[in-house]
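What follows is one structure encoded as structure tokens, with my remarks underneath.
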Amino acid sequence: MLLLQLRLLLSATATNSATASSPSQPSHNGDEGALLAFKAKMSGHSGVLDSWNKSTSYCSWEGVTCGRRHRWRVVGLNLSSQGLAGTISPAIGNLTFLRLLDLSYNSLQGEIPGSQPASAPSGGSEAFTWFKTRSLVSSRVTSAAASASLHGRLPTDLGKRLPSIQQLGIGDNRFTGALPPSLTNFSRLQKLYAEVNSFIGIVPSGLGRLQNLEVFALSDNILEANNEEEWQFIGSLVNCSRLQGLGFGWNRFVGKLPGPLVNLSINLQWLQIANNNISGVIPSDIGNLAGLEMLDFGKNLLTGVIPESIGKLTRLQLLALDSNYLSGHLPSSIGNLSSLLQLYAGNNSLEGPIPPSIGNLSKLLALDLSNSNLTGLIPNEIMELPSISWVLDLSNNMLEGPLPLEVGSLVHLEQLFLSGNKLSGEIPDTIGNCRVMEILSMDGNSFQGSIPATFKNMAGLTVLNLTDNKQDGSIPGNLATLTNLQELYFGHNNLSATIPELLVYSTSLLRLDLSYNNLQGEVPKGGVFKNLTGLSIVGNNALCGWIPQLHLSKCPSSCARKNRKGTPKFLRIAIPAIGSLILLFLVWAGFHYRKSKIAPKKDLPPQFAEVELPIVPYNDILKGTDGFSEANVLGKGRYGTVYKGTLENQAIVVAVKVFNVQQS
């Protein structure tokens with residue numbers, strides 16, 4: 001849970017009553033009493049308040065700072081991260097010299113005390129609390145956490161009573177009601193954080209009066225704008241020349257995106273309006289906001305094309321245009337965004353080829369162009385961007401042609417999604433260079449040929465999906481060496497041969513889909529094959545086995561008996577006779593063998609002396625035979641299969657026979 005961060009900032013000038021106090025005053029009962037009243041409201045703490053008693057001076061209490069000029073007046077109270085639980089005493093307002101109150105990352109709850117308690121002296125210095133739980137979230141991913149427990153409505157005359165306040169943070173709480181229009185009286189206000197609450201209504205239109213405003217964050221509330229008049233706050237903010245951050249995403253704003261948006265301060269660094277129902281087009285002059293580092297228009301109802309001028313935003317680190325109704329081509333000018341780290345433009349109606357200029361984005365960490373109508377080949381330039389490490393998602397478009405060999409350059413990539421395209425050809429062996437890749441989804445294409453044996457090199461792989469392609473050949477047994485592999489999907493292909501017995505030994509594998517192929521032989525027992533909820537092998541009519549739930553036919557006996565009735569009469573006579581002769585021969589041979597054993601032994605020549613054979617670990621055999629690959633088979637017989645293997649430690653070639661236990 002995000003814990004409350006509470007800070008109190010006061011005006012820098014002291015009032016007449018404050019300065020009337022003598023710097024040599026040995027004590028100030030009002031300050032001491034306010035601190036003890038604050039302590040009395042706490043139901044729990046880490047022990048920080050144990051020193052708060054009258055046996056010592058309150059200026060020496062932990063977390064308390066007294067002034068240099070007015071040595072007995074409390075100017076600072078820092079109790080951040082001290083496990084405080086309880087409510088805030090209104091007496092805190094009696095600390096009239098207080099300049100900093102930091103109660104961040106505690107578990108305070110209840111309503112905000114009055115901004116000026118009744119006990120405060122007339123004309124005392126203005127006091128107000130700054131409730132803040134976090135700094136600006138500039139990442140695309142917003143953490144989900146429970147709100148803090150402060151609640152209630154903001155006083156309607158808040159701005160009139162406290163015109164000198166500079167920073168106001170009330171984010172991550174449960175405040176309700178409308179934003180008071182008196183907020184526009186905060187003539188010195190620099191930062192306003194009001195995100196993650198339940199504020200309703202419209203945004204005051206007179207914000208342009210806040211000439212010092214730098215940050216205005218209203219995301220994740222229930223605020224709205226339904227017509228041009230209610231959107232006037234954007235035009236008003238044009239007068240705030242120091243504005244650096246504006247966010248009102250995750251609200252209920254509707255209607256066309258206001259044109260004055262592009263006339264905001266050139267100092268604007270982040271603009272976040274995602275998750276509303278804003279329509280209209282992206283202004284063609286969006287490039288005017290040259291200072292932008294984050295631009296998030298995602299999850300709205302925007303239409304039209306992406307303006308070419310967006311290439312002027314060369315400081316952009318995050319560009320999010322996903323989940324709209326944008327059309328047309330991706331402008332090649334995107335390649336000018338040399339600082340870009342994240343580009344999200346998926347879930348639109350974009351068409352045409354992917355511009356190769358994206359290959360110029362040498363710092364790019366994440367690229368999502370999924371779920372549109374993009375056509376043509378995958379540019380080699382994208383696959384040559386080793387900086388991409390988070391995700392590359394080109395799924396559900398109409399891309400065609402082969403997967404470039406340069407895919408092997410994505411050595412830092414964790415997730416690659418190519419599903420739902422028209423890609424064809426063989427999967428290049430170079431993909432094995434992507435050793436840290438965790439998710440590889442290539443389903444719903446027309447890839448053909450054998451499954452690359454180099455998949456075994458992708459040690460980080462947890463999910464591999466090749467469903468609904470044209471893969472043929474056998475399933476590589478060396479996939480069992482991938483110790484992180486949890487999900488394997490090979491359904492709806494043309495795979496043949498038997499299911500590798502080695503998959504039984506994959507202790508990490510939880511889901512296996514081999515359905516609708518041409519597999520044959522006995523289904524292995526154990527491992528993932530015992531997890532019937534995670535196993536699918538339907539549509540392979542030549543498979544057999546003894547697991548009733550799979551509804552397979554029983555495997556035929558390897559040694560079928562012939563019907564005795566059909567045996568000719570002469571064979572019925574000849575077979576017993578020959579058997580008797582063989583028995584007599586064996587008795588005779590046994591007699592002579594026993595006789596030879598009684599004879600004194602002679603020393604054997606050195607070449608026949610007993611040799612101590614080495615013990616070879618199973619993992620060395622598995623590695624030496626390349627996972628008992630079909631390419632290393634020397635021969636097959638009734639009792640098993642012989643493989644060629646190379647033992648690296650001994651640097652010798654060996655023959656390994658794997659017995660068929662059911663026959664042996």
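The values are calculated or read from the model by the stated rules, or taken from the named source; none is laboratory data. Just so we're clear, the structure is a prediction, and the values are computed from it rather than from any experiment. Positions of Cβ are generated from backbone atoms using ideal geometry, with glycine treated the same way; all protein chains shown enter the neighbour counts.
Residues of the range 318-338 that are part of a loop (DSSP other than H, G, I, E, B) and either surrounded by fewer than 20 Cβ atoms within 10 Å (Cβ to Cβ) or among the basic types (K, R) (or both): Y325, H329, P331, S338. Look at the range 382-411: where a residue is under 16 Å from L365 (Cα atoms) and a partner is charged (D, E, K, R) and part of a loop (DSSP other than H, G, I, E, B), sitting 6+ places away or on another chain with Cβ atoms under 9 Å, you get S387/K363; S389/E414; W390/E414; V391/E414; S409/E384; L410/E384; V411/R435.
Here G169 clears all of (1) under 19 Å from E224 (Cβ atoms); (2) of a type outside the set (V, I, T); (3) under 32 Å from the mean Cα position of the chain (by Cα); (4) part of a strand (DSSP E or B) except the condition numbered (1). The numbered conditions (1) surrounded by fewer than 18 Cβ atoms within 10 Å (Cβ to Cβ); (2) at pLDDT 80 or above; (3) part of a loop (DSSP other than H, G, I, E, B) are all true for P113 except (2). All of (1) buried (at least 20 other Cβ atoms within 10 Å of the Cβ); (2) at pLDDT 95 or above; (3) of a type outside the set (S, T, N, Q) hold for E438 with one exception: (1).
Per-residue answers, yes or no, for (1) assigned to a strand (DSSP E or B); (2) touching an Asp or Glu at 6+ places or on another chain (Cβ under 9 Å); (3) surrounded by fewer than 19 Cβ atoms within 10 Å (Cβ to Cβ); (4) not small (G, A, S):
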position	(1), (2), (3), (4)
N212	no, no, yes, yes
S241	no, no, yes, no
L261	no, no, no, yes
S265	no, no, no, no
N275	no, yes, no, yes
S284	no, yes, yes, no
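Screening the range 59-108 for strands (runs of 3 or more DSSP E) wholly inside it with 3 or more residues that are more than 36 Å from the chain's Cα centre (by Cα) returns the ranges 64-66, 74-78. Counting just the residues of the range 442-463 that are of a type outside the set (S, T, N, Q) and not in a loop (DSSP other than H, G, I, E, B), which one comes out farthest from K623 (Cα to Cα)? Filtering first and then ranking leaves F447. Test S241 against the stated conditions and say whether it is within 25 Å of L289 (Cβ to Cβ) and of a type in the set (S, T, N, Q). Considered against the rule, which asks whether it is within 25 Å of L289 (Cβ to Cβ) and of a type in the set (S, T, N, Q), S241 comes out as yes.
Restricting attention to the range 399-426, which residues are more than 21 Å from E438 (Cβ to Cβ), surrounded by fewer than 19 Cβ atoms within 10 Å (Cβ to Cβ) and touching a strand residue (DSSP E or B) at 6+ places or on another chain (Cβ under 8 Å)? Result: E400, G401, P402, K422, S424, G425, E426. Remark: G491 falls outside the filter, which requires a residue to be small (G, A, S), surrounded by fewer than 17 Cβ atoms within 10 Å (Cβ to Cβ) and in contact (Cβ under 8 Å) with a residue 12 or more places away in the chain. Reported count of residues in the range 290-317, each being closer than 21 Å to S279 by Cα, out of contact with any helix residue (DSSP H, G or I) (no Cβ under 7 Å at 6 or more places or on another chain) and crowded, with 18+ Cβ neighbours inside 10 Å, is 9.
If we scan the range 418-425, do we find a residue that is over 17 Å from L364 (Cα atoms), of a type in the set (D, E, K, R) and in contact with an Asp or Glu (Cβ under 6 Å, 6 or more places away or on another chain)? Yes, there is a match, as at least one residue in the range 418-425 is over 17 Å from L364 (Cα atoms), of a type in the set (D, E, K, R) and in contact with an Asp or Glu (Cβ under 6 Å, 6 or more places away or on another chain).
All told, G425 falls short of being at pLDDT below 95 and in contact with a Leu (Cβ under 9 Å, 6 or more places away or on another chain).
Checking each residue in the range 222-239 for being within 21 Å of Q190 (Cα to Cα) and either in contact with a helix residue (DSSP H, G or I) (Cβ under 7 Å, 6 or more places away or on another chain) or assigned to a loop (DSSP other than H, G, I, E, B) (or both) picks out F233, I234, G235, S236, L237, V238, N239. The residue list L218, L237, L223 contains one member that is buried (at least 21 other Cβ atoms within 10 Å of the Cβ) and under 17 Å from G259 (Cα atoms), which is L237. Taken over the range 602-617, residues that are at pLDDT below 70 and either surrounded by 15 or more Cβ atoms within 10 Å (Cβ to Cβ) or not acidic (D, E) (or both) amount to 11.
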